[in-house]
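Q: Here's a structure for you.
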Amino acid sequence: MDFELSPVEKDLREAVKGFARRELAAVAEKMDREEYFPSEVFRQAGSLGFLGASLPEENGGSGLGYLAQAVVLEELARVSPAFALTVGAHSNLCADNLARNGTPEQRKRYVAPLASGEKIGALGLTEPESGSDALSLRTKAEKRGNHYVLNGSKLFITNGPVADILLVYAKTDPARGSRGISAFIVEKEYAGFSVSRKLDKMGMRGSPTGELSLENVEVPAENLVGKENEGAKVVMSGLNVERAVLSAIPVGITEECLSLSLDYARQRRQFGAPIGSFQLIQEKLANMYAQALSSRLLLYHALDSVTRDKRRNRDASTALTYVSEASTRVALDAIQIFGGNGYMRDYPVERLMRDAKLLEIGAGTSEIRRLVVARELLGSLE
Amino acid sequence: MDVLVCVKQVPDPETKLRVAPSGKALDTDGVKFTINNTYDEAMVEEALRMKEEFGFTSVRALSVGPARAEEALRATLAMGADEAVLVETPPGMELDPLFTARLLAAAAADIPHDLVLVGRHAQDDEAGAVGSALGEYLGLPSYSFVTELTPVAASHQLKMRRYLEGGEEVFSGPFPAVLSILKGAKDPRTPTLPNILKARKKPLKKIPVKDLEAKVSVLKGGFQPTSAVTSFTLPPPRSGAKMLEFQTPEEAATKLLKVLKEEAKVL
Ligand SMILES: Cc1cc2nc3c(=O)[nH]c(=O)nc-3n(C[C@H](O)[C@H](O)[C@H](O)COP(=O)(O)OP(=O)(O)OC[C@H]3O[C@@H](n4cnc5c(N)ncnc54)[C@H](O)[C@@H]3O)c2cc1C
């Protein structure tokens with residue numbers, strides 16, 4: 001078994017790391033304090049090719065696997081998990097989904113500007129009345145001539161307030177329930193589309209989250225992604241890839257918390273010795289390392305699993321459930337190791353903790369992911 | 001115009017360094033090597049900036065080092081260099097700055113070059129001696145600690161800048177030449193992912209060091225290191241800071257003075 005990244009993935013990691021420590025670090029705090037979205041840094045990431053690592057070459061991407069995308073997200077998350085989340089929603093939830101399910105024309109028109117960062121992407125599944133029960137969504141799409149007319153609203157949409165291109169799920173046949181869902185590409189310029197609210201969050205601040213409103217939005221029929229009424233398949237396979245790839249964000253948070261804690265434990269002295277010499281601190285560090293290591297292995301395993309089979313739920317869901325809960329625990333331990341400083345905004349660990357909590361909720365909550373895993377393991381009962 | 005950039009792979013500044021059992025070198029076992037020396041990155045950026053600005057023919061990269069130094073060259077190719085040559089040394093082979101300069105000179109003889117650029121110094125041994133020695137072995141003038149350069153092709157002159165403590169010097173001299181670059185006009189670029197991929201396919205020639213033996217042997221100093229390290233120690237660990245407690249600025253100054261006189265003995 002080979003745990004080494006390929007030479008290209010290693011170079012990519014170094015390049016993203018340098019970029020994140022230079023360009024992103026300069027705005028990370030401002031993002032958090034002011035819910036500021038750094039559009040310039042986002043475009044730079046696009047022109048460096050970091051947004052299109054896994055997208056097809058013919059659509060302006062680099063044609064690498066999901067591991068490359070995860071490497072990008074991990075290095076970004078070490079500096080700003082919020083920026084990594086925005087990139088994850090853009091590159092994976094929106095662009096990769098379109099690249100997998102779109103027609104050649106749709107890919108040409110929409111994936112290329114997403115790969116370059118010229119346009120910003122988002123995915124709209126969640127609604128005010130359908131969160132965990134995602135397939136009960138109420139947004140409606142009615143076919144009228146060459147158009148579908150969309151009506152409804154979407155809640156908690158990452159990049160919603162800044163997105164140019166949105167992949168939106170709606171019911172084309174509400175009577176058929178989850179078998180009546182279809183996916184559409186919506187452009188922000190379409191009449192009737194609007195951002196009704198920009199949301200104020202606990203963490204992941206600076207990754208803009210919004211509530212979107214669709215009022216008689218006319219979407220050209222050629223913007224239907226996949227087959228009519230077969231959107232549930234797109235949702236479910238998309239969720240597996242999303243859970244595997246987004247696992248890289250908690251992995252980055254955990255690594256950063258561990259590395260910051262090690263530095264602090266070496267430097268901070270109490271009772272005449274570095275606090276790292278106290279066994280109660282050492283225990284925390286050793287446990288943090290164990291969680292960092294298991295998180296990384298689960299991430300790599302899940303990426304491999306969804307690359308082979310996008311319908312297999314258990315590995316991606318297990319990975320994101322474990323790594324997200326681990327990152328919250330590790331971030332809390334980092335705050336404890338930093339003592340009073342950990343509780344202060346002058347140090348990044350409290351921000352990392354607030355950011356970490358999101359991955360236990362977004363992309364399906366930990367509870368739902370566990371249900372998904374157990375149901376697949378059990379198979380049909382009776 | 002052809003530019004040749006000489007790069008060196010160095011240990012990652014974050015890696016933990018140990019002295020080898022010989023007591024004369026760094027223990028490279030388990031040491032993570034960075035892709036490139038930071039000062040070399042600044043120098044490569046300056047070469048690429050000139051290529052883009054003045055329409056140079058090519059930027060080629062050259063390194064002397066073990067097989068792993070290929071990664072430093074690939075990183076240079078990813079930044080935008082066109083071709084690379086690695087003079088590959090066998091494991092354990094000892095080099096010093098002058099021997100390295102002779103090997104670079106021998107290899108450079110077969111690579112077109114109007115300008116040969118080196119970084120101000122390597123982050124590991126910080127000798128900063130290769131550039132001027134290389135000029136000597138190539139029979140070219142060498143200019144050190146240059147911050148920005150502009151070639152004037154018609155007169156075969158270089159206009160160069162050099163920062164001085166509190167000032168700046170602009171000077172000129174003929175080329176072909178060897179230059180050590182303190183820092184370029186621009187910050188080093190981040191390689192784009194497409195360029196990282198292309199770099200894996202760009203030509204990289206490996207020359208076993210033995211192949212240069214004949215050429216190097218005729219140079220003054222010959223095919224062996226000129227100097228030898230007799231001992232190597234890491235800097236002593238820094239002792240912890242001492243915090244003084246005080247109520248008033250006067251008290252702080254009195255206590256500080258006492259410590260500086262009696263404990264640190266610097267006054
Ligand atoms: C910052 C942020 C960004 C987001 N980005 C996006 C995005 O880009 N696109 C998008 O479509 N969505 C996005 N979401 C939405 C996210 O996917 C949902 O919030 C999530 O799926 C949970 O839905 P809910 O908030 O409605 O919670 P609810 O479904 O109301 O859940 C409330 C609680 O009940 C539990 N629960 C629900 N059902 C069960 C059950 N059957 N068994 C046990 N427990 C259960 C849940 O686990 C949870 O603890 C984002 C959310 C946030 C906070």
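The values are calculated or read from the model by the stated rules, or taken from the named source; none is laboratory data. Being a predicted model, the structure only gives us computed values, none of them experimental. Heads up, the Cβs are rebuilt from the backbone with ideal geometry, glycines too, and the neighbour counts pull from every protein chain shown. Accessible surface areas use protein heavy atoms only, side chains included; no ligands, DNA or RNA. Shrake-Rupley method; radii C 1.70, N 1.55, O 1.52, S 1.80 Å.
Q: What's the number of the only condition in (1) within 14 Å of chain B (Cβ to nearest Cβ); (2) buried (at least 18 other Cβ atoms within 10 Å of the Cβ); (3) part of a loop (DSSP other than H, G, I, E, B) that A:E4 fails to meet?
A: All conditions pass for A:E4, except number (2).
Q: Across segment A:337-382, what is the number of residues that are crowded, with 21+ Cβ neighbours inside 10 Å, away from the ligand (no atom under 11 Å from the Cβ) and over 30 Å from A:Q267 (Cα atoms)?
A: Counting residues in segment A:337-382 that are crowded, with 21+ Cβ neighbours inside 10 Å, away from the ligand (no atom under 11 Å from the Cβ) and over 30 Å from A:Q267 (Cα atoms) gives 0.
Q: In segment B:34-56, which residues are among the small types (G, A, S) and not in a loop (DSSP other than H, G, I, E, B)?
A: Of the residues in segment B:34-56, the ones among the small types (G, A, S) are B:42, B:47, B:55.
Hits for segment B:34-56 are B:A42, B:A47.
Q: Another question, if that's okay. Looking only at segment A:185-220, filter to residues that are more than 16 Å from the ligand (Cβ to nearest atom) and among the aliphatic types (A, V, I, L, M); which one of those is surrounded by the most Cβ atoms within 10 Å (Cβ to Cβ)?
A: Here is the first cut: in segment A:185-220, the ones more than 16 Å from the ligand (Cβ to nearest atom) are A:187, A:189-192, A:194, A:215-220.
Cutting the leftovers down to among the aliphatic types (A, V, I, L, M) gives us A:191, A:217, A:219.
Values: A:A191: 9, A:V217: 24, A:V219: 22.
Within segment A:185-220, the match that is surrounded by the most Cβ atoms within 10 Å (Cβ to Cβ) is A:V217.
Q: Name the residue that is nearest to B:A185 (Cα to Cα), counting only residues in segment B:24-33 that are without any contact (Cβ under 8 Å) to a residue 40 or more places away in the chain and in a loop (DSSP other than H, G, I, E, B).
A: Per the stated criteria, the residue is B:K32.
Q: Would you pick out the residues in segment A:161-184 that are within 15 Å of the ligand (Cβ to nearest atom) and of a type in the set (A, V, I, L, M, F, W, C)?
A: Scanning segment A:161-184 gives A:V162, A:A163, A:I165, A:L166, A:L167, A:V168, A:A170, A:I181, A:A183, A:F184.
Q: Taking segment B:20-48 on its own, how many of its residues are open to solvent by less than 50 Å² (accessible area, probe 1.4 Å) and either among the β-branched types (V, I, T) or not assigned by TED's automatic domain parsing to the domain that holds B:V116 (or both)?
A: Going through segment B:20-48 one residue at a time, the tally reaches 4.
Q: Restricting the search to segment A:187-219, which residues are within 13 Å of A:Y148 (Cα to Cα) and touching a Gly at 6+ places or on another chain (Cβ under 8 Å)?
A: A:L214, A:E215, A:N216, A:V217, A:E218
Q: Could you check segment A:335-382 and list, in sequence order, the residues that are modelled with pLDDT under 95 and acidic (D, E)?
A: Answer for segment A:335-382, where residues must be modelled with pLDDT under 95 and acidic (D, E): A:D346, A:E382.
Q: State whether one or more residues within segment B:133-140 are surrounded by fewer than 15 Cβ atoms within 10 Å (Cβ to Cβ) and either of a type in the set (G, A, S) or closer than 26 Å to B:E52 by Cβ (or both).
A: Checked against the condition, which is being surrounded by fewer than 15 Cβ atoms within 10 Å (Cβ to Cβ) and either of a type in the set (G, A, S) or closer than 26 Å to B:E52 by Cβ (or both), segment B:133-140 yields at least one hit.
Q: From the list A:N101, A:N97, pick out the single residue that is in contact (Cβ under 8 Å) with a residue 12 or more places away in the chain, among the polar types (S, T, N, Q), more than 14 Å from every other protein chain (Cβ to nearest Cβ) and over 22 Å from A:V162 (Cα atoms). Before you say what the answer is, go through the steps one by one.
A: Values: A:N97 fails: over 22 Å from A:V162 (Cα atoms).
Result: A:N101 is the single residue among A:N101, A:N97 that is in contact (Cβ under 8 Å) with a residue 12 or more places away in the chain, among the polar types (S, T, N, Q), more than 14 Å from every other protein chain (Cβ to nearest Cβ) and over 22 Å from A:V162 (Cα atoms).
Q: Separate question: From the list B:R102, B:R74, which one is among the charged types (D, E, K, R), under 21 Å from B:T38 (Cβ atoms) and crowded, with 21+ Cβ neighbours inside 10 Å?
A: B:R74
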